[in-house]
Each structure stands twice: as structure tokens, then as C-alpha cells.
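**Q** What follows is a structure written as C-alpha cells; I'll ask about it next.
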Amino acid sequence: MKFLDEAKVYIRSGDGGAGAVSFRREKFIEFGGPDGGDGGRGGDVWVEAVNGLNTLIDFRFQQHFKAATGVHGMGRNRTGANGASVTLKVPVGTQIFEEDNETLIVDITKEGQRFRLAAGGNGGFGNTHFKSSTNQAPDWANPGLEGEEKTLWLRLKLIADAGLVGLPNAGKSTFLATVTRARPKIANYPFTTLHPNLGVATIDGREFVLADIPGLIEGAHEGVGIGDRFLGHVERTRVLLHLVSAQEEHVGKAYTTVKRELEAYGGGLKDKPEIVALSQIDVLDEETLKKKAKELQKACGRPPMLISAAINKGMLEVQRALRDIIVAANSETALPDRSSRVDEDRSED
């Protein structure tokens, strides 16, 4: 399945059905009076978060969503049926924006969360509705109200507990493949990872979700390399694992390069808890390792963790460090709940 984290869609709720102009026609009933029924309500357009999705690829093949029109009213005071609603099924973590791609409408953060994007038009009144003591035979009815038409942007920000950041070839995909069952592409050239990967790590009976994003290089916030477009997928994480390859000639510079790109991107990444690890240490001798660890410590302000997926060194310790931060963060706060508007619109009229 291909990964797609942004999509443009066009939605339209259903028009309301027109009211009917009708009069009772029965033998021996000379003044039957009006009996035109009301039109049915147009269908709504909803969005709903479902389990089992982690990409917006479905919206590459279908961009237009239109709810059904309400059925027109009929004689004998028969009200038309409501139009069928349509639901956009999206992954948890999807944000819905207005056409300007900046104005946030709703942030879908929980499975099963629903939100009405466009309300269907009300059905028109039939001529029975206008009957009165002074007008006992009205010969008009209301048309149904038009539905809403919108152009929207869907943007996916994966919901993970920990995010992996670093330069290309820092060992992020190897780390993910070692501690989870994910099978990202691993090769000895830059930008092996072209889209985010997710994996579930289990340590001491506790599970947490890891997100691996493509590597950052200097100038990523200006679009250099793959750019920083995938950094949104680690915005929601509780902690970042910053991997610096021991094969880098200047590990301190490698660390500060990525750190500057995180700060330039914003999104709260600069202030997020961070664990720094020197990866691929199996390629260094003891003396060189100490030298590079000291250089990295000077750059990040604390001793880095030393890990190697190839010889399984330090992997357990770094997983436990990630778990401890995640558990502590989850006990203090939960994900921000922006579903207040969902509760207001949840019930259909």
C-alpha cells in the first residue's frame, strides 16, 4: 500500500426535497382542502476515524463525495424520505482544513470520532403547512434548501508514541526493524526511507508505537532533499529518539544540523523530550568511540546512549528510556481533545 498523507476532496451535501402542492380529491368530499406533504431533508457529509488505516491513499482514486437529495413531498400529506448521508472514512490522526489549507476545521484523534462536514438542506414545506382560517386553499409550496458545497484538504499526522529523527543513514530504519515487526527498506545509501513507517515495540510487557520518518539534511525546512514535510508525523509523539551515526566524521555537527531543522520547522518539536543515541558503534574501536561520544555529549549537553542494532548493544536500555518517558507523559496528560464540536454535531437533525 502506498503512503499518502495529504489529499484534496470536494464534498456536497444533499439538497432538500421540494414540498408538494396537492389537494384532497375524493368523491362526495367537495372541499377536501390541501394535502401536500413536506420534502425530505438532504443527506449530510460526515468524516469518521476508523481502525486499520494509516494512509489517505483511498482519496487518490476518489475525490468527489456527494450526499443524496431529499425526496420531494407527495399528496395525502406524505413527507418525502431523507436523502442518504455519505461518510469519509479516514485514519486516526487526520486533520481537516478549509480550502486555504490553513484553517483547521477538526482534528480527528480518536477511533470512532465523527464530525459533520456539511449539513444537508432542509426539505420544503408542502401547501398543507400554509393552510389557515383565512387561506384554506393555498396553491404554493416551498422548494427544498440547497446543500453545502466545499473543497477541503485532508492532512494525516500519524499518532505514535516515539519518533525517530536524524540524518539519512543514521540507522533509523534498522532500529525500527530490530525492535518491532516493521520491515522498512534498509540499504547503504541516503534517503532509503521515502515515507514514514510505523512499528509497535514491546518492552517489559508494555507496548509503544514508533514512527520512522525520512532523514533530514541541512536546509530541509527550505525543501532541500526530501524536505521537512514528514515532520508533522512526529508532532504528536511524546519523545524523540535522535540517532547520530558513529560513521559521521563530525557527530556534533550532525546533531546540530538536525536540531536546527527541528527548530526551523516549529510545531513544538524543539521543546519535545529527546533521547540522543550514537548508533552503529560496532564500526568503531574503543578509543574512537570515546572520542566521538565526548564530541556528541558536548553538542547535546548530556551523555548520549551508545547503541548498535548489529550486535544488539544498548537496544534494551534505549527502549526502556523511551518507555519511561512515554509512561510518565501519558500519566500526566492525554492527547488534546478537540471533539467538542463533534458532540454538538453528532446527532443528525
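**Q** Quick one: with all protein chains in place, what share of the accessible area of the stretch 57-107 is carbon or sulfur, to the nearest percent (1.4 Å probe)?
**A** Looking at the stretch 57-107 in its full context, I get 48 percent from C and S.
**Q** Where the eigenvalues come from the Cα gyration tensor of the chain, what are the semi-axes √(5λ) of the equivalent ellipsoid, largest first, in whole Å?
**A** Details: eigenvalues 736, 57, 46 Å².
Largest first, the chain gives 61, 17, 15 Å.
**Q** Give me the 1.4 Å probe accessible area per residue for the chain, excluding ligands and nucleic acids, in Å².
**A** I get 51 Å² per residue for the chain.
**Q** Shape verdict for the stretch 286-334, please, from the Cα gyration tensor: rounded (a/c under 1.5), prolate (a/b greater than b/c) or oblate.
**A** oblate
**Q** Could you tell me the accessible area of Leu167 in Å² (1.4 Å probe, neighbours in place), rounded to the nearest ten?
**A** Surface open to solvent at Leu167 totals about 30 Å².
**Q** Highest mean first, how do 236-247, 315-326, 117-128 rank when packing is the count of other Cβ atoms within 10 Å averaged over residues?
**A** 117-128, 236-247, 315-326
**Q** For the stretch 120-276, what is the convex hull (Cα atoms) projected area averaged across all directions, in square nanometres?
**A** On the way: hull surface 66.0 nm².
That works out to 16.5 nm².
**Q** In addition: Sorted by mean Cβ packing within 10 Å, highest first, what order do the peptides 67-76, 198-207 take?
**A** Taking the mean over residues of other Cβ atoms within 10 Å, the ranking is 67-76, 198-207.
**Q** Rank by packing, highest mean first: peptides 298-305, 251-258, with packing defined as the count of other Cβ atoms within 10 Å averaged across residues.
**A** 251-258, 298-305
**Q** Rg to Rh for the stretch 58-173: what is it, with Cα atoms only and Rh by Kirkwood?
**A** In the stretch 58-173, Rg relative to Rh is 1.24.
**Q** Continuing with the same structure: List the relative contact order of the chain as a percent without decimals, with contacts defined as Cα pairs under 8 Å and 6+ residues apart.
**A** 16 percent
The values are calculated or read from the model by the stated rules, or taken from the named source; none is laboratory data. Predicted model, so just to flag it, every value in this text is computed and none were measured. Ideal geometry is used to build each Cβ from the backbone, glycine not excepted, and the neighbour counts take in all protein chains shown. Note: areas computed on protein heavy atoms with side chains; ligands, DNA, RNA excluded. Shrake-Rupley method; radii C 1.70, N 1.55, O 1.52, S 1.80 Å.
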